[in-house]
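Enquirer: First the structure, then my questions, so here it is.
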Amino acid sequence: MAQTVLVVGGAGAQGIPIVQALSSDPKYAVRVLTRNPDSETAKELLALPNVSIATGDASNEADLRKAFQGVDLAFVNTNSFALGIRAEIYWGMRIFDIAVQSGVKHYIWSALEDALTLSGYDEACRVGHYEGKSRVTEWMKSKPQTPMKWSVLTTGPYIEMLHELLRPTKLDDGTWVFQFPLKDGAVPFVHLDDVGRAVKWILDTPEESAGLNVKISIEHASGEQVASAFTAVTGQPARYESVPATQWLKDSPPGPPSYKMGSQYEGNTPDDPTLLTVEQNFSNWWNLYQRSAGNTGLLKTDYAFLDRVIPGRVKSVREWMEKVQYTGERRFVIKSYSGN
């Protein structure tokens, strides 16, 4: 009999490849929690084999309890940008509680790096959407593996952001320019398809994955590597330019620089001191990657481990560009940073 997997955040950029990966295996019946069952994404997911839709909000306890009924396994990705730090910490803990009470056997928390701790508590590396998730991870580490096994999947910037927030601009002379506030650092990009494969490995092998924090990425890519990969794949000239974060926020903003992320969530306000503005958050986000060059800085990935558990994974920016036939043109991947 198939095990029922609840995917919280299943209609988002990260959740979709997870639903696709799990639904391809008849031993899993996938239940997706979404607020909008009539959306095109929900309809596309419902068309996959072994997929059902649960209507509800991931920050509503009654909806969560209903969605968790009869669930064996769970993957939970909360919306950091919509919730804000404080609410994400609360709901990250509370959803775990509800999963235990509902009889879930194995629970996966979708996390991001503990940037503040890794930087030696440098406020310049305090990233709001990383802080909430990483604090829940640290709390989970105090929990036993009974009655519910748990694992953590730590991701990072999606390489698919090269279609959108990190997209290059084309000059009149035909040169494509990638402008990041990265200096000589590197970004351990994550390929969304690999997220699905990693979650499937965790659920397929609980005897090894229980208690693990599985950190995934393609490679630690510098700005120069991104530009050279583009030229190698497309044959078009490209270069990388390091720019100040203030310029990047002006030219390629993830949202209004003064907007406090999570301020629209019920109970939060625009003057909430626990929230960071888009400018504060993403300036610090780039600081983190400026200090992560060569897989020897603040953020590190065990690539040998990933080669073993995700065989055939995408291992470079160039390989990803070849796979998706990347052209530098815009494609929308990520939901609104306000959570709308």
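Enquirer: Across the stretch 95-105, which residue is surrounded by the most Cβ atoms within 10 Å (Cβ to Cβ) among those that are more than 22 Å from the chain's Cα centre (by Cα) and hydrophobic (A, V, I, L, M, F, W, C)?
Expert: Within the stretch 95-105, the match that is surrounded by the most Cβ atoms within 10 Å (Cβ to Cβ) is VAL104.
Enquirer: Could I ask something else about it? Scan the stretch 79-120 residue by residue and report those that are closer than 19 Å to ILE18 by Cβ, hydroxyl-bearing (Ser, Thr, Tyr) and out of contact with any strand residue (DSSP E or B) (no Cβ under 7 Å at 6 or more places or on another chain).
Expert: Listed by number, the list holds a single entry, SER80.
Enquirer: Let me ask something additional. Inspect all residues belonging to the stretch 97-116 and state whether any of them is aliphatic (A, V, I, L, M) and free of Cβ contacts under 8 Å to residues at least 40 places away in the same chain.
Expert: yes
Enquirer: For the stretch 292-329: of the residues being part of a loop (DSSP other than H, G, I, E, B) and of a type in the set (Asp, Glu), which is nearest to SER209 (Cα to Cα)?
Expert: ASP302
Enquirer: Another one. Can you tell which of PRO168, PRO157 is under 13 Å from TYR289 (Cβ atoms) and in contact (Cβ under 8 Å) with a residue 12 or more places away in the chain?
Expert: Only one candidate qualifies: PRO157.
Enquirer: Take the residues in the stretch 152-172 that are of a type in the set (Ser, Thr, Tyr) and surrounded by 19 or more Cβ atoms within 10 Å (Cβ to Cβ), then tell me which one is nearest to THR234 (Cα to Cα).
Expert: TYR158
Enquirer: A follow-up question, please. How many residues are part of a loop (DSSP other than H, G, I, E, B) and either in contact with a strand residue (DSSP E or B) (Cβ under 7 Å, 6 or more places away or on another chain) or surrounded by fewer than 24 Cβ atoms within 10 Å (Cβ to Cβ) (or both) if we restrict to the stretch 121-133?
Expert: Going through the stretch 121-133 one residue at a time, the tally reaches 3.
Enquirer: Restricting to the stretch 47-62, what's the tally of residues that are in contact (Cβ under 8 Å) with a residue 12 or more places away in the chain and farther than 30 Å from GLY267 by Cβ?
Expert: Of the residues in the stretch 47-62, 5 are in contact (Cβ under 8 Å) with a residue 12 or more places away in the chain and farther than 30 Å from GLY267 by Cβ.
Enquirer: Quick check on the stretch 155-167: of everything there that is closer than 26 Å to TYR303 by Cβ, modelled with pLDDT of 95 or more and in a loop (DSSP other than H, G, I, E, B), which residue is farthest from the chain's Cα centre (by Cα)?
Expert: Taking the candidates together, the pick is LEU166.
Enquirer: Here is a check on your reading of the model: is TYR289 closer than 16 Å to MET161 by Cβ, at pLDDT 95 or above and part of a strand (DSSP E or B)?
Expert: Spelling it out, it is not the case that TYR289 is closer than 16 Å to MET161 by Cβ, at pLDDT 95 or above and part of a strand (DSSP E or B).
The values are calculated or read from the model by the stated rules, or taken from the named source; none is laboratory data. Everything numeric here is computed off the predicted structure, so don't read it as measured data. So basically every Cβ, Gly included, is an ideal-geometry build from the backbone, and we count neighbours across all protein chains shown.
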